[in-house]
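One structure below.
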Amino acid sequence: MGHNNSFPLPSHTQHAPKRHPLPQSLTIEHDRKLTTFTYTGKETKYITNLFKHSNLQIAFRTNNTLRSLHPFNTHHRDKFTQSGVYKLTCPDCGKAYIGQTGRDFTSRYNEHKQSSRNNTSASKFAKHLNDHLHSFGPTQDVMHIVQFHKKGPHLNTIVRFHIHKEAASHSHLNDEHTITPIRLFDTILNITS
């Protein structure tokens, strides 16, 4: 219509500019693998920077979703009815055992207590109490929740980190074979201290 009334054509309809191929550095790499990390703080950023020059494409996620933060969604459960990483501290000497459970913390605590009563070696913590004639205190005094988490490989890494951390303070009761030197854990402990 503009052409019929002697108006000049807009510049975008005259000749389309030639498209040049993208330089090699800007092409999309299809062989990169996508992985996600749950962002928990500066430690997560430090760990993901270690993978910066690998073939991993990193994305972050968070557990702080709107649903979890919604005030009507909060049902006040006892913290011992959840699962994750726990720390049992001897009330007499202060030595600690780090463990994990995919069930509720109360059930796991009762298993340690039963092992102490029966004087079995099923629990390293109970064995310590029995060998040194130390007392077994109430749940609130002995068991401390380190981190809530569901059972799985991520929980295994979390418990290994906390065992490593406790071993660094030389007050642990965990088996020696569960404590392996991991430089990444040492680095994280150095950064956070």
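We did not get these values from a lab; they are worked out from the coordinates using the rules stated. Everything numeric here is computed off the predicted structure, so don't read it as measured data. When we count neighbours, we look across all protein chains shown, and the Cβ atoms used for this are built from the backbone with ideal geometry, even at glycine.
Amide H contacts under 5 Å for Asp92: Ser135, restricted to partners 5 or more places along the chain or on a different chain, H placed in the peptide plane at 1.01 Å from N.
In terms of distances greater than 19 angstrom between alpha carbons, the cross-link table entries Lys113/Lys150; Lys95/Lys165; Lys42/Lys87; Lys87/Lys113 yield Lys113/Lys150; Lys42/Lys87. Taking the Cα centre of region 80-192 as origin and assigning +1 to Lys and Arg Cβ atoms and -1 to Asp and Glu Cβ atoms, the resulting dipole is close to 300 debye. The 3J(HN,Hα) values that the Karplus relation (6.51, -1.76, 1.60; θ = phi - 60°) gives for region 37-45 are, in residue order, 10, 7, 6, 10, x, 5, 5, 4, 4 Hz. Gly and Pro appear as x.
In this structure the amide hydrogen of His172, modeled in the peptide plane, comes within under 5 Å of the amide hydrogens of Ala96, none closer than 5 places in sequence on its chain. With a cap of 15 neighbouring Cβ atoms within 10 Å, and only residues DSSP puts in a loop, list the trypsin sites (Lys or Arg not before Pro) found in region 104-191. Hits after loop and neighbour filter: Lys150, Lys151. Listed by chain and number, the aspartates and glutamates placed with their C-alpha closer than 12 angstrom to that of Lys124 are Glu111, Asp175, Glu176; residues fewer than eight positions away on the same chain are left out. Relative to the Cα centre, the charge distribution of region 85-150, modelled as +1 at Lys and Arg Cβ and -1 at Asp and Glu Cβ, gives a dipole magnitude of about 200 debye. Counted residue by residue at 0.36 nm each, then reduced by the alpha carbon distance between them, the extension gain from Thr139 to Ser171 reaches 9.5 nm.
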